[in-house]
Amino acid sequence: MTDIRSDRSASSEQALTFSGILVTGLVGAVGAFTVYGTAAFPYAAVLAATQLLLFLAFIRQEQGSLQTFIFWSEALCIGSLLFLIPSSFIVILTVVWLVQAVELYGVRRSAGLIAASLGLFLIAQLSHFGIGEWFQTLVSIFLYGLLQVFAVSAVQRTIDERERREQVAALNRELIATRELLSQSSAQNERLRIARDLHDILGHHMTALILNLEVASHGVEGQPKEKVEQSLALAKLLLSDLRNTVSELREDSPIQLEESVRKLVAGIPGFAIDVDFSEAPAIDDVDMAETLLRCTQEGVTNVLRHSNGDRCQITMRGTPAQCSLSISDNGRRQASIEPGNGLKGMLERVRARGGDLVWQQNEEGFKLQVTLGAEAPS
């Protein structure tokens, strides 16, 4: 069901992008030809073509300063077309522009841009037709204003649904990873329970049996004594095997943290995430594994929210006495990083186990590193 919804969402966004390209191209072309044969035609044709190219550049560019520059360049082109072309339908270009505004700034700031675009449209229409066409101008402003509000509301709803789907997908991955870790923890606890039962019940009975056989071996002679001594030797061998089995069950098998991490990051769109545990030490402590998994979860969440890159590397290495987990991305360098609740929560969790958490950024991107010792502080 999730895959079907994701496919539908992708198809919906592709349809929205295609319709934006089509509307921008058609409105620009028809608008330019309405002034064909006049001195304004060459300028209108160049501006319409430039607007289409800017729109294509906008949808291909990742969110950042360059995309913002393209956005306001589009505004300049649309404003110029409004004053060059007297046809009121040119204002439809502002509808497409406002859809982009919601992606960049959200619905609140877009509301202010709606008012600004309608004000610019009013000034342009008055410059073309004067005050004599005031009623028709007001009707056009009202109708196109409703269209703009509808478009902004529809896009904001689409964005909200996309964010909810992403949150549900993230929670689903977290639950799967946690379930994997809990199943391994349950298996360890079950082995310990079986080891205790074997030691306390069977071990006790075997010891009592050996003592009774030793007593019996002193009270018989001949062939019966030989049989008792054979039974005594067999009982001692069984007790030795039982103790070896209990010892093996009590030995903690390593937690398969890599499997939990891979399930945590599986299916994340828009990022190529590489998991490298080739030099990872064996982790026997469930609490330590949970700490590392939670740090990985928060680190990946921060990458998805704040990084403008497209690759993430999760690496685990170290020794049985100390392990190091690093999460890095290739996002562009930011001016400064203020630790939020996520980083502060990670720091508290790591320090509670006597570990250390550091982060740094350079030209290659942002890197987060968690270092934990094998023994937790008492």
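Listing for the model above:
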read-out: Full-extension gain in nm, Ala321 to Lys344, via 0.36 nm per residue minus C-alpha separation; value: 5.8 nm
read-out: For segment 254-373, diffusion coefficient by Stokes-Einstein and Kirkwood Rh (Cα), 37 °C, 0.692 mPa s, µm²/s; value: 227 µm²/s
read-out: Table column - 3J(HN,Hα) (Hz), segment 279-296, Karplus curve with 6.51, -1.76, 1.60, x for Gly and Pro; value: 10, 6, x, 6, 10, 9, 8, 5, 5, 5, 4, 5, 4, 5, 5, 5, 5, 4
read-out: Prolate/oblate/rounded label for segment 2-167 (Cα gyration tensor, a/c 1.5); value: prolate
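Read the figures in this text as sums done on the coordinates, not as results from a lab. Computed from a predicted model, the values in this text were never measured in an experiment.
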